[in-house]
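To start, the structure under review is shown below, and the notes come after it.
Coordinate-derived values only; no laboratory data. Everything numeric in this text was worked out from a predicted model, so none of it was measured. Ideal geometry is used to build each Cβ from the backbone, glycine not excepted, and the neighbour counts take in all protein chains shown.
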Amino acid sequence: MVCPKPRISVAVVLCLLYVPHIHAQTSISSIPDGFAAGEEPTHHIKLEILNYPGAASSEALGINDSGVIVGQYFLPRASSSGYVLADGVFSDVSYPGAAATSADGVNAVGDIVGSYVDSLGQGHAFLDRGGAFSSLDFPGGTDTVASGINADDQIVGLYRDADGISHGFFYDAGEFTTIDFPGATSSALLGINSAGQITGYWNDSKGQTHGLLYWRGRFAKFDFPGASYTVAYGLNDRGEIVGWFNESTGHGYFWHRGKFSLFDSPKALHSQPTAINNNRQVVGAFSADGSTVGFLAAPE
């Protein structure tokens, strides 16, 4: 059974020039070269609502270049399960024996990463290769979450230490590496493209949340102009980035070549774009009227 998909139109409504802030620390820099290359994008898109059949709410969290989408859904009075949407058909993605599952990222060959909660309430990351699941736990950490995976099976996400502080991680060829923004009180990594460019967020000592970019050992602070809360979530191989800003209102954005564009639905209270592929198809979630639904936005 495939959920009905009503279509509505939405347009990018504002474009702002962004000048990156340069820090004095040697490991933090302006936006690294190689982010946001390529031609200018269209500002006209069509929007498709995605809701798992029978779900009370759902979110689209990842998309690959073939248009395969992953996410999570909540049935009434039930915990979450993951899903994959391919060729118009929804399929369940649930870690065996888990109390709850979320499918967060998908790469070019359809490998899926995400997180699950076991019967004891502990969180773990997972990798799903064609239905063969394996658990991924940062050594000595708890509540590991895998958020993004690229074509080389490099994985990014976050974990918590013994004090409950979150840290970003990079996983490659069986090895975990912690990647934290310098001076942050907590960090998380969310997206990774084929070049190994990484997006995420970090919190400062004042409690403000900032986006981050990371590539080849260099960090860049990444904030929507004037916002005290920015999340850099997904990116494609052009280095174009989607995410959201302002925790209370939750406006989405699209970033290309140093310019931010608002990415909001007129009827949504909160807009959270989470992933963008090389065809500039964007997925995420809108919240309105007390419910949350996933969406797919594609250039016209």
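Brief remarks follow.
- D137, D111, D289 arranged by Cβ crowding within 10 Å, fewest neighbours leading: D289, D137, D111
- Each of K206, K46 was scored by other Cβ atoms within 10 Å of its Cβ. Arranged with the fewest first, they read K206, K46.
- Linear extension gain, D65 paired with S205, 0.36 nm per residue minus alpha-carbon span: 46.6 nm
- Correct option for P(r) over Cα pairs in 10 Å bins from 0, in percent [calculated from the coordinates] among [x] 5, 20, 26, 22, 16, 9, 3, 0; [y] 6, 22, 20, 13, 10, 8, 8, 7, 5, 1, 0; [z] 7, 30, 38, 22, 4, 0: [z]
- The charge dipole of the chain, taken about the Cα centre with unit charges on the Cβ atoms of Lys, Arg (+1) and Asp, Glu (-1), comes to about 680 debye, rounded to the nearest 20.
- Counting only Cβ charges, +1 for Lys and Arg and -1 for Asp and Glu, the dipole size of the range 102-253 around its Cα centre is about 420 debye.
- Neighbour counting of Cβ atoms within 10 Å sorts the residues W244, W215, fewest neighbours leading, into W215, W244.
- GNM on the chain, alpha-carbon springs under 10 angstrom: the most fluctuating residue among V242, V282, V93 is V93.
- Gaussian network model of the chain, springs between alpha carbon atoms under 10 Å - residue of D172, D128, D264 with greatest fluctuation: D172
- Most mobile listed residue (A162, A86, A56) in the chain, GNM with C-alpha springs under 10 Å: A162
- Top positive-direction residue, dipole computed over the range 153-300 with Cβ charges, set G157, G294, S271: S271
- For the range 128-262, the alpha carbon positions stretch 42, 35, 28 Å along the principal axes, listed from largest to smallest.
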